[in-house]
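Taking it in order: structure first as structure tokens, then the write-up.
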Amino acid sequence: MKSILIVDDHPLVREGMKEMLQSVRFDVSTSEGGEAALELCRKRQSAFDLVITDIRMPAMDGFAFAERLRKMYPDAKILMLAGMPLSEEVARARSCGAAGYLSKATPWEDLVEAIRAILSGGEFQEEHIAEERPGNLSPRELEVLKYLALGKTFEEIAIICGVGTETVKTHTKNLRAKLDAPTSIAAVSRAYELGILRP
């Protein structure tokens, strides 16, 4: 039975993917971040047959994790998953030694196909990756995002923007969906990672 390590800072993603992969007869372990995953590999004293890692994680992103893992185990097979895939990241993923780069929205059947292809020594990449950084935030959403980054509350943003608090909450909900973020803080963090916001 092939062993797979899932590295993702979102518990629901980790556990959901673990359950699905176990259903098709893979031996699955999970880790909440890169450092913990590297420690798990050290204790195991070998790489897993495949490591599936999120790209945007706190402390250590997927690229840094992949580079460190490949230094420890040059033959490690890595599949990277992106909540918001970007064409510019494909080459970077490859340079880090990843054999695959997929969107988290990839259909389950395609994910399993990618996993089996990589385990067989091949590579797998989604056919259609966004050519540019996400620019689908509306001007109002971008405005709300900037105020969230400044630590403003929903009520404060509503007063500044001259709208109702519920409207601000709706914009924030849309921001979280577009940035694949579970919370407002995570949305701000992801916006900095993607270059939508600048320090």
> Can you tell me how many residues in segment 74-97 are surrounded by fewer than 16 Cβ atoms within 10 Å (Cβ to Cβ) and not charged (D, E, K, R)?
Replying inline: 4
> Is it fair to say Leu179 is in contact with a helix residue (DSSP H, G or I) (Cβ under 7 Å, 6 or more places away or on another chain) and modelled with pLDDT of 85 or more?
Replying inline: no
> Yes or no: Leu194 in contact (Cβ under 8 Å) with a residue 60 or more places away in the chain and under 20 Å from the mean Cα position of the chain (by Cα)?
Replying inline: yes
>> Filter segment 40-51 down to the residues that are surrounded by fewer than 19 Cβ atoms within 10 Å (Cβ to Cβ) and out of contact with any strand residue (DSSP E or B) (no Cβ under 8 Å at 6 or more places or on another chain) and list them by number.
In response: Arg42, Lys43, Arg44, Gln45, Ser46
> Looking only at segment 98-118, which residues are modelled with pLDDT of 90 or more and outside any helix (DSSP H, G or I)?
Replying inline: Ala98, Ala99, Gly100, Tyr101
> Restricting segment 128-138 to residues that are loosely packed, with under 13 Cβ neighbours inside 10 Å and modelled with pLDDT of 55 or more, which is farthest from Lys77 (Cα to Cα)?
Replying inline: Ser138
>> Looking only at residues that are without any contact (Cβ under 8 Å) to a residue 12 or more places away in the chain and out of contact with any Pro (no Cβ under 9 Å at 6 or more places or on another chain) in segment 1-35, which one is farthest from Asp61 (Cα to Cα)?
In response: Ser23
> Do any residues in segment 69-94 that are of a type in the set (Phe, Trp, Tyr) have Cβ atoms under 8 Å from those of residues that are assigned to a helix (DSSP H, G or I), where the two are at least six apart or on different chains, and which pairs are they?
Replying inline: Tyr73/Cys41
> Which condition breaks for Asp54 when tested against (1) of a type in the set (Asp, Glu); (2) touching a residue at least 24 places away in the same chain (Cβ under 8 Å); (3) open to solvent by 40 Å² or more (accessible area, probe 1.4 Å)?
Replying inline: (3)
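The values are calculated or read from the model by the stated rules, or taken from the named source; none is laboratory data. Given the structure is predicted, the values throughout are model-derived calculations rather than measurements. Using ideal geometry, Cβ is built from the backbone for each residue, glycine included, and neighbour counts are taken over all protein chains shown. The protein model used for the area step is the full one, side chains on, heavy atoms only, and it has no ligands, DNA or RNA in it. Shrake-Rupley method; radii C 1.70, N 1.55, O 1.52, S 1.80 Å.
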